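Remarks on the structure that follows.
The values are calculated or read from the model by the stated rules, or taken from the named source; none is laboratory data. Source: prediction; values computed, not measured. Cβ placement follows ideal geometry from the backbone for every residue including glycine, while neighbour counts extend to all protein chains displayed.
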Amino acid sequence: MKIAVCVKHAVDETELKIDSEGKPQLSGAAGKMSAFDKNAVEEALRLKSASSGEVVVFMAGTSDSKKTLKEALAMGADRGVLIAVDPLAADTLRTAELLAAAIKKGGPFDAVLCSEGSSDTYSGQVPPMVAELLGFPYAGYARKIELEGQGATIERSLEDSVEVVEVPFPFAASVVSEINEPRYPTLIQIMQAGKKPVDEVKEGDLIPRGQRSQLAVLSMSAQPSTRKHVIIEGSPDEAAAKLLDALKKEGVLSN
Amino acid sequence: LSSVVWAYSENEAVSDEVASAAAEVAKAISGEPVVLEVGAERGGTKAPGKKLVVKGPPQDSPPGVVSEALGRVAKEIRPAVVLIGATRNGREVASSLAAKLKVGCLSEVAKLASDGKTVTGERVVYAGKVVAKVSAGLPAVVTVKIGSYPRTTSPPVGSEVKDVGEVDSKLKVLKREKKEAGSVDLKSAKIIVSAGRGVRKKEDLGMIEDLAKAMHGALGCSRPLSSDLGWLPEEHHIGLTGVTVKPDLYLALGISGQLQHTAGMKDSKVVAAVNTDKDAPIFQASDYGIVGDLYQLVPAIRKALASQG
């Protein structure tokens with residue numbers, strides 16, 4: 001069983017600073033492995049252990065994002081592929097095209113796993129696009145994946161329903177965070193990850209740079225907070241009574 | 001490129017919202033809004049203009065089949081903008097359709113506008129911290145944020161049918177089931193009482209649930225309680241990867257207020273929070289805060305409710 005996992009080095013939204021003009025300071029912002037990607041790596045490792053094979057981690061990113069790839073290797077992935085991209089020119093379709101091309105080149109793979117969306121921009125576009133470009137059947141929002149014979153049975157977690165689907169190999173899937181509890185690498189694993197192979201490929205060598213992206217971010221600004229930030233003091237009984245008074249005045253308590 | 005603006009969602013209520021978005025974009029580019037249905041014709045479809053029934057694949061087809069069917073018609077009609085409701089299935093349909101058509105895709109956008117060359121809109125990124133104004137050159141695929149447009153109420157004026165023939169799918173749907181604990185409808189709840197890591201034991205959730213009932217509200221939770229601890233079904237999970245809610249009142253009990261959580265409740269009308277940590281980020285997202293122990297405050301609020309009637 002050969003599994004490709006796609007990960008993203010995402011802006012750490014909890015560390016993202018907003019400047020005095022209300023603009024996020026993205027240049028030099030701290031990055032980390034997109035939170036839910038750990039679930040995708042974990043699931044790939046779990047599926048591999050159920051069969052044996054190889055887990056290869058793919059990432060389109062800059063060289064300073066390598067630590068995310070190393071983290072996936074520390075968790076137990078066998079090797080990594082870093083597609084060096086120009087971050088300013090990256091958009092979702094281009095990213096998906098690069099990942100699909102690298103997966104095709106490094107394949108054949110039985111499965112491609114992603115997370116449902118990245119923790120920074122959470123568009124969730126890349127996984128279905130990669131599947132589309134590879135021509136793989138795609139099961140998004142998987143909360144359970146079971147390998148069976150020549151494929152997998154997957155539970156898709158939708159808003160108010162669960163859909164059980166069956167896909168043959170090779171397939172692609174995105175996972176939701178409830179699918180598993182990602183492991184924490186040990187210190188030894190973290191040290192060993194440095195010795196695991198990472199191939200670096202240039203994006204232009206995979207697919208020549210085409211026309212400029214048609215997508216653009218025109219502006220970004222901090223979400224203004226319109227909350228009142230009233231702190232209610234007093235003993236629990238006093239505070240509770242004051243809170244209910246305030247909520248009544250707001251007209252949000254039903255009778 | 002035509003000046004047609006498509007609206008599609010597999011969910012009827014969402015379809016009515018996307019139809020309103022399509023009407024707005026179409027007006028801006030002097031185009032025509034068209035509401036799409038895939039598979040069988042729906043009875044109660046609302047549309048600002050015409051509707052287009054894409055026949056071939058059965059109703060309730062998986063996203064991959066829907067995007068293939070839409071792609072076949074799109075290659076012929078060449079719509080300027082394809083608007084799709086940002087449900088989980090809708091997001092998949094949009095992304096794979098964009099990859100098929102090799103066009104840009106914008107995700108979960110509100111406040112759409114167009115000048116005929118690009119489509120622009122606003123979306124929330126970095127777990128709710130930042131609003132980005134984004135743009136895509138036409139033609140483009142856009143998923144429309146749920147709840148960001150009112151529902152269209154008028155019936156369609158005219159309807160057309162396109163038959164795309166059979167669509168093969170390697171993915172087979174074996175069954176669909178309503179999620180357990182479907183008794184809580186967080187999306188339509190006016191009051192939500194939500195529990196976080198401040199709750200020490202699973203059994204203590206009973207006290208929170210009682211309070212929710214007494215307030216005629218629904219019970220929600222932050223991610224650790226559903227995903228990590230498994231104390232509540234995933235359907236109660238409010239946050240970036242869970243349900244997005246906007247009740248009149250959101251009462252957060254023992255929730256620290258990480259961005260992943262507040263992304264799911266920040267549009268609530270009034271937010272109140274109880275937390276022992278005065279520096280918990282939830283207080284930045286609240287109108288009313290009580291720095292205290294929920295184990296004292298929950299009974300006190302119950303008591304105050306009873307005495308105030």
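Can you say whether A:Ala139 is closer than 19 Å to B:Asp168 by Cβ, crowded, with 24+ Cβ neighbours inside 10 Å and either free of Cβ contacts under 8 Å to residues at least 60 places away in the same chain or of a type in the set (Gly, Ala, Ser) (or both), as far as the supplied structure shows? Give the steps one after another, and end with the answer.
Numbers: closer than 19 Å to B:Asp168 by Cβ: yes; crowded, with 24+ Cβ neighbours inside 10 Å: yes; either free of Cβ contacts under 8 Å to residues at least 60 places away in the same chain or of a type in the set (Gly, Ala, Ser) (or both): yes.
Yes.
Output the residues belonging to the range B:1-45 that are within 19 Å of the chain's Cα centre (by Cα) and charged (D, E, K, R).
Passing the criteria: B:Glu10, B:Glu12, B:Asp16, B:Glu17.
Step by step: first the residues of the range A:239-255, then only those that are out of contact with any strand residue (DSSP E or B) (no Cβ under 8 Å at 6 or more places or on another chain) and surrounded by fewer than 14 Cβ atoms within 10 Å (Cβ to Cβ), then the one that is modelled with the lowest pLDDT. Which residue is that?
Here the answer is A:Asn255.
Please state which of the following conditions A:Ala77 fails to meet, knowing it meets all the rest: (1) in a loop (DSSP other than H, G, I, E, B); (2) modelled with pLDDT under 95.
Among (1) in a loop (DSSP other than H, G, I, E, B); (2) modelled with pLDDT under 95, the lone unmet condition for A:Ala77 is (2).
If you take the residues of the range A:21-60 that are assigned to a loop (DSSP other than H, G, I, E, B) and hydroxyl-bearing (Ser, Thr, Tyr), which of them is farthest from the other protein chains (Cβ to nearest Cβ)? I'd like the intermediate steps shown before the answer.
Narrowing the range A:21-60 to residues assigned to a loop (DSSP other than H, G, I, E, B): A:21-23, A:25-30, A:34-36, A:52-53.
Now narrow it down to the ones that are hydroxyl-bearing (Ser, Thr, Tyr): A:27, A:34, A:52.
Working: A:Ser27: 14, A:Ser34: 11, A:Ser52: 25 Å.
Filtering first and then ranking leaves A:Ser52.
Kindly provide the set of residues from the range A:195-238 that are in contact (Cβ under 8 Å) with a residue 60 or more places away in the chain, among the charged types (D, E, K, R) and surrounded by 15 or more Cβ atoms within 10 Å (Cβ to Cβ), ordered by number.
A:Lys196, A:Glu203
Please work out which residue is surrounded by the most Cβ atoms within 10 Å (Cβ to Cβ), limiting yourself to the range B:268-292 and to residues that are free of Cβ contacts under 8 Å to residues at least 60 places away in the same chain and assigned to a loop (DSSP other than H, G, I, E, B).
B:Ser286
Counting residues that are under 26 Å from the mean Cα position of the chain (by Cα), which helices (runs of 4 or more DSSP H) fully inside the range A:149-255 reach at least 2? Talk me through it step by step, then tell me what you get.
Working: elements: A:187-193, A:203-206, A:236-250.
Result: A:187-193, A:203-206.
Filter the range B:189-227 for residues that are in a helix (DSSP H, G or I), touching a strand residue (DSSP E or B) at 6+ places or on another chain (Cβ under 9 Å) and within 14 Å of B:Ile238 (Cβ to Cβ) and give the result.
Selection gives B:Ile208, B:Ala212, B:Arg223, B:Leu225, B:Ser226, B:Ser227.
Anything in the range B:235-261 that is facing another protein chain (nearest Cβ under 8 Å) and at pLDDT below 90? List them, or say none.
Within the range B:235-261, B:Glu235, B:Leu240, B:Thr241, B:Val243, B:Gln258, B:Leu259, B:Gln260 meet the criteria.
Just the residues that are away from chain B (no Cβ under 14 Å) and either surrounded by 13 or more Cβ atoms within 10 Å (Cβ to Cβ) or among the β-branched types (Val, Ile, Thr) (or both), please, taken from the range A:1-20. Break it down stepwise before answering.
First, the residues of the range A:1-20 that are away from chain B (no Cβ under 14 Å): A:1-5, A:7, A:9, A:20.
Correct list: A:Met1, A:Lys2, A:Ile3, A:Ala4, A:Val5, A:Val7, A:His9.
Could you please find all residues in the range B:96-121 being within 17 Å of the chain's Cα centre (by Cα) and surrounded by fewer than 21 Cβ atoms within 10 Å (Cβ to Cβ)?
B:Ala110, B:Lys111
Take the range B:159-175 and flag every residue that is part of a strand (DSSP E or B) and either within 28 Å of the chain's Cα centre (by Cα) or among the basic types (Lys, Arg) (or both).
Just the residues of the range B:159-175 that are part of a strand (DSSP E or B), to begin with: B:159-163, B:172-175.
Those that are part of a strand (DSSP E or B) and either within 28 Å of the chain's Cα centre (by Cα) or among the basic types (Lys, Arg) (or both): B:Ser159, B:Lys162, B:Lys172, B:Val173, B:Leu174, B:Lys175.
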